[in-house]
Amino acid sequence: MEKLSFIPESINKLGIPRCIKEGNAMRKIDLFEFGDASKKAYGACICKDGNFQSKLLCVKSNPLKGMIIIARLELCGALLVAQLCHEVCEALDKAVNDIQLWTDSIVLG
């Protein structure tokens, strides 16, 4: 695989904290979920809202295998974020306080 010249070496040291437990207790959390699409792929991510900071919990993307119209891709992105939301909420059991799903699509208007 070809190394990309514009990515600095320090990228290997990048860490993304995703732990959502605070101490030994799990408190109710708010989730913010985003879905989007482009001509090359569609995807979703879920973030946990915290006190003055958010944490990325998980992401999922699907590359495209052919030509699909943008309207359908936006719907695929919205479906993916809903499916990811369902999986995360099941994993967190009763620890979710509020959920907000977002997309920038005018198709879903």
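The values are calculated or read from the model by the stated rules, or taken from the named source; none is laboratory data. Being a predicted model, the structure only gives us computed values, none of them experimental. All Cβ positions, glycine included, derive from the backbone under ideal geometry; neighbour counts span all protein chains shown.
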Test result for Lys55, over 20 Å from Gln100 (Cβ atoms) and charged (D, E, K, R): no
Taking the criterion of being surrounded by 14 or more Cβ atoms within 10 Å (Cβ to Cβ), out of contact with any strand residue (DSSP E or B) (no Cβ under 7 Å at 6 or more places or on another chain) and not charged (D, E, K, R), would at least one residue in the stretch 28-47 satisfy it? yes
Filtered residue count, the stretch 32-65, keeping only those that are without any contact (Cβ under 8 Å) to a residue 12 or more places away in the chain and either within 18 Å of Cys76 (Cα to Cα) or outside any loop (DSSP other than H, G, I, E, B) (or both): 1
When the stretch 12-46 is examined, which residues are found to be modelled with pLDDT under 70, over 24 Å from Pro63 (Cβ atoms) and not hydrophobic (A, V, I, L, M, F, W, C)? Pro17, Lys21, Glu22, Gly23, Asn24
Going through the stretch 55-82 one residue at a time, which ones are farther than 15 Å from Asp104 by Cβ and surrounded by 13 or more Cβ atoms within 10 Å (Cβ to Cβ)? Lys55, Leu57, Cys58, Val59, Lys60, Ser61, Asn62, Leu64, Ile68, Leu79, Ala82
For the stretch 99-108, does any single residue satisfy the condition of being part of a helix (DSSP H, G or I), surrounded by 14 or more Cβ atoms within 10 Å (Cβ to Cβ) and either in contact with a Cys (Cβ under 6 Å, 6 or more places away or on another chain) or modelled with pLDDT of 85 or more (or both)? no
Can you find, within the stretch 59-98, the residue that is modelled with the lowest pLDDT among those that are over 16 Å from Lys40 (Cβ atoms) and polar (S, T, N, Q)? Asn97
